[in-house]
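Working notes for the structure below.
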């Protein structure tokens, strides 16, 4: 085998070029590996941050959904209480109206109207008797026919029901707009 000094120059140049190419190629491959490692680390960090952001958004959405659910439950409870209250008022009014109709039918109570003494003769009029709820000023009163009295009670009953329904609607709208 010839000594290094005995290798002809073109082979030496070729060998040096091959050696240089191997070293450059090796360092380029190493640079690519380092670059790949850095890029992979950046991607991993970005994926971790993205996952944390998604978790925070999920928690915020769940919290908001829970708050909306609780608000809806409170509103439903308020509306149920309001409905129960208005139903009780309606039942009480119906009971009072039925009691008044029964008293009118049995002649326990008579409806009467005040008359203007200057316009009507006093024939057939009933003087007002002072009672526990009123003061007698000597006003002239006339009794209503029981049939007309029943119709008046029916009209006031329908009016009471309408007012109660209106109050229920107003309470419902107030509860929704809060």
For this session: Once you have a ≥ b ≥ c as the square roots of the Cα gyration tensor eigenvalues for segment 49-96, tell me rounded if a/c is under 1.5, and otherwise prolate or oblate according to whether a/b is larger than b/c.
Result: prolate
For this session: Between residue 95 and residue 148, take the C-beta separation as r, use R0 = 25 Å, and let me know the FRET efficiency to the nearest 0.05.
Result: 0.65
Problem set entry | Extension gain (nm, one decimal) between residue 17 and residue 57, 0.36 nm per residue minus Cα-Cα | 8.5 nm
For this session: May I ask you to order 153-164, 43-54 by the average number of other C-beta atoms within 10 Å around their residues, highest value first?
Result: 153-164, 43-54
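Every number in this text was worked out from the coordinates using simple rules, so none of it is lab data. Predicted model only: the values in this text are computed from it and were never measured. Note that each Cβ is placed from the backbone with ideal geometry, even for glycine, and that neighbours are counted across all protein chains shown.
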